[in-house]
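Undergrad: Below is the structure I would like to discuss, written out as structure tokens.
Every read-out reported here was derived from the displayed coordinates using simple, explicitly stated rules and does not represent laboratory data. Nothing here was measured: the structure is a model prediction, and the numbers come from that model. Cβ atoms come from the backbone with ideal geometry, glycine included; neighbour counts cover every protein chain shown.
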Amino acid sequence: MIALLLLISLSFSAGEWKLTQLDKVIEPAHETSTVEVAALNDTVLFAVKGSLAADFSTFNPVYGRVDIYEPSSGLWTFRNLSFGSSSLASASDDASFAIFGGGWTSGRYRSFTFLDVYDNNEDSWTPFDLDPENGEDPREGFTLAIVGNIGLVAGGYDANYGGPIFGYYGDYESRVDLLNLDTKQWIGNASLSAARSGIAAATVGNTTYFAGGLSRVANTDTFTFDVTWYSVVDVYDATTNTWSTIELPHNATNLKSAVSDDLIAFIGGQTVNDTQNPYVQIYNTTSNTWEVIPVPQTEEPYLAATSLNNHFVFARASGLDILSIDSWTFVPFISGNRSQIGAGSTSEAAYFATVGQKVEVLTFDSSNGTSSGTAPSSTSSESSPPPEPTSGPTPDICSNNPGCHCTVENLD
């Protein structure tokens, strides 16, 4: 008879969170620009999305800039992406590769899709047009992911139908293109279970998860949309090259994702009628179970997510909400409120970037015996357990402990 042994891995905050600033402002300062952050060992890349020119005809190429930071030396360098993009996406594997990509317009009704792959091992950049051999129409609003040595380009919508201004009138895509990052060759394609955009991606081991999303169908008579919000999660197993699906407890689009060991957290985004998603949905990839936790506040939407020191860190306009075992800690940004935040983490620190403001860096000092949110000339600690979830499946083993990380193992 097999005995069931429940092992619960808990992350305690026996230390102090510290937020500091780098003496670097991400330029250019444009209120609609966003920053994508990719962290690779001792290299952190900050890529700024593009912006349409005043006559809507071209992109200003300077908005395709990537600022590159080496934490060990403090050295900054920069380069430009192949093109500026109004819908920039990124992915990294935390060690070897980073991908940046999006749609680019050469005229109001003419688009194509590009990717730039950074190989950290060779310190090289390789540009790609998205799978031109298969005659694929350009698309925007896609999601990027990396699993092993494979880059994935998933979903999005047809960018040729009106370009990025009117893209939502175009057809949504279920297509997933696969790129071998070692050989720099396209190796095939697959399909998501539903055509959509606004997908969140996360990779644990050899498996990538594409969660949530949205599709709109235009009613040209009423100039309104029939909108579908998705709860489906498409799961790609790179070891077996197979696809399957699971379901989010709550549907949402534009979710932010973060990974800590075998856990994936999805937060933020919008749900039905464009209301803010009020939950953190945490998936345990080992036990195949979900835990649903209400967010500690709903006044500010969550704009980015990452993890550090086995904690999930969620960024909103005024600061960071850090999820511990059974409580939340709030750390305010030094420079005040931010918008359009990009986030990424190395093993030592988490980086938060906004165009026109200095990069802020979160670290954890385990030598301090207290747990608090700190910042120069400002200290804040808001630690209280969130209320119990009111809906959505929650594993019984975690129902009274919203912050626990649960792993179930069978032993003889």
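Undergrad: Give me, ordered by chain and number, the residues 5 or more places off Phe97 or on other chains with an amide H under 5 Å from its own placed amide H.
TA: Asn120
Undergrad: Also, I was wondering about something else. Setting aside same-chain residues fewer than 8 positions from Lys358, which lysines have a Cα under 30 Å from its Cα?
TA: The reachable lysines, counting only those whose Cα sits under 30 Å from Lys358, are Lys18, Lys24, Lys49, Lys256.
Undergrad: Report the calculated FRET efficiency for Glu247 and Gln297 (r = Cβ-Cβ distance, R0 = 30 Å), to the nearest 0.05.
TA: Approximately 0.70, to the nearest 0.05.
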